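J.: Let me begin by handing over the structure; questions about it come next.
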C-alpha cells in the first residue's frame, strides 16, 4: 500500500483507534462490565497466552476457507462463461442463482453435517455456497458488458465466439471478476466458521462456541480478531493480484 492509499484510509484508522480507546477506558471503569465486554487489552492478552491453541484452530479454518474459495472461483467463473455463451442456459440458470440467495445459508449447515459428517468436506461446501454467487454474478455481468464495438470489429474479421471471449470479453470482465472475488474473499472465512458452529472437531467456529459456553469472553474476542485478520489477508491478496492482472485498470 503506497502513501497515497494510506492517507486515504487515515480517517478510518484514526476512528478505529478512538473506538478502541473508548472501549478500553469504558471496560476498565464502571461504565461497562469487563466480564461481558472485556477491554481490547484483555483480548490481546488472551490471544498471546493461548496463541498455540488458537493457531491450530485458525489453521483448520484457513484450510477450509482456502479450498472452498478456490473451488468457488473455478465453478463461478466457469458457469459465468457458460451462461454468457448460451442465452438459453442463461435464461434458465440466472433466475435460479438469484432465487438461491433467498435461502439462509446457515439453515443448510445442519443438512451438510447429516449428509457429509463432521469432517472438512461440509465446511468446504459451505464456503463454496457463500462465495459462488458473488463470483458468478460479477463475472457474468463483466462478460455481458464487454465493449460491443470491439466485438463487432472481431466479427468483421471472421472471429468465432471463443476468440471474442479470449481477446475481448475475458480481459474486459477482469475488473468485475476481481470485484466479485473481493466480496467472496470476506465471505470465505465466515462460511467456514458457520459450518464449524454446527459441528466440527476443530476450527475457530467450534473454538468460539466452546469458549462462549465456558464464559471465556476474552478468548471469544481473540478468535474474532483472528477471524478478521484472516478475512483481511484474503482480501488484500486478491487486491494485490488484481493490480498485477489489470494494470490498465489501476490509477
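The values are calculated or read from the model by the stated rules, or taken from the named source; none is laboratory data. As the structure is a computational prediction, the values presented were derived from the model and not from experiment. Note that we place each Cβ from the backbone using ideal geometry, even for glycine, and neighbour counts take in every protein chain shown.
J.: Among the residues of segment 85-117, which ones are assigned to a loop (DSSP other than H, G, I, E, B) and closer than 17 Å to residue 130 by Cβ?
T.: Hits for segment 85-117 are 101, 102, 103, 104.
J.: Surrounded by 17 or more Cβ atoms within 10 Å (Cβ to Cβ) and over 20 Å from the mean Cα position of the chain (by Cα): does that describe residue 33?
T.: Answer is no for this residue.
J.: Further, regarding this structure: Given the conditions (1) farther than 30 Å from residue 210 by Cβ; (2) in contact with a helix residue (DSSP H, G or I) (Cβ under 6 Å, 6 or more places away or on another chain); (3) surrounded by fewer than 20 Cβ atoms within 10 Å (Cβ to Cβ); (4) modelled with pLDDT of 85 or more, report the number of the one that residue 67 does not fulfil.
T.: (1)
J.: Moving on. For segment 118-180, give me every one of the helices (runs of 4 or more DSSP H) that falls completely inside it and has 3 or more residues that are modelled with pLDDT of 90 or more and over 19 Å from residue 85 (Cα atoms).
T.: Because the criterion is at least 3 residues that are modelled with pLDDT of 90 or more and over 19 Å from residue 85 (Cα atoms), the helices (runs of 4 or more DSSP H) in segment 118-180 that meet it are 121-144.
J.: Could you please give the count of residues in segment 21-44 that are assigned to a helix (DSSP H, G or I) and either touching a helix residue (DSSP H, G or I) at 6+ places or on another chain (Cβ under 7 Å) or on the phi > 0 side of the Ramachandran plot (or both)?
T.: The total comes to 6.
J.: Here's another thing I want to ask about it. Of all residues in segment 199-225, count the ones that are touching a residue at least 12 places away in the same chain (Cβ under 8 Å), over 20 Å from residue 120 (Cα atoms) and assigned to a helix (DSSP H, G or I).
T.: Qualifying residue count, segment 199-225: 9.
J.: Answer yes or no as to whether residue 18 is more than 22 Å from the chain's Cα centre (by Cα), assigned to a helix (DSSP H, G or I), without any contact (Cβ under 8 Å) to a residue 40 or more places away in the chain and over 19 Å from residue 205 (Cα atoms).
T.: Here the answer is yes, as residue 18 does meet what is asked.
J.: Does segment 2-14 contain any residue that is at pLDDT 85 or above and within 30 Å of residue 222 (Cα to Cα)?
T.: Looking through segment 2-14, at least one residue is at pLDDT 85 or above and within 30 Å of residue 222 (Cα to Cα).
J.: From the list 228, 193, 241, pick out the single residue that is over 12 Å from the mean Cα position of the chain (by Cα) and either modelled with pLDDT under 90 or in a helix (DSSP H, G or I) (or both).
T.: 241
J.: Okay, next question. Would you mind stating whether residue 62 is more than 29 Å from residue 213 (Cα to Cα), surrounded by 15 or more Cβ atoms within 10 Å (Cβ to Cβ) and touching a helix residue (DSSP H, G or I) at 6+ places or on another chain (Cβ under 8 Å)?
T.: no
J.: Same structure again: Regarding segment 68-85, can at least one residue be identified that is farther than 30 Å from residue 169 by Cα and under 24 Å from the mean Cα position of the chain (by Cα)?
T.: Looking for residues that are farther than 30 Å from residue 169 by Cα and under 24 Å from the mean Cα position of the chain (by Cα), one finds none in segment 68-85, hence no.
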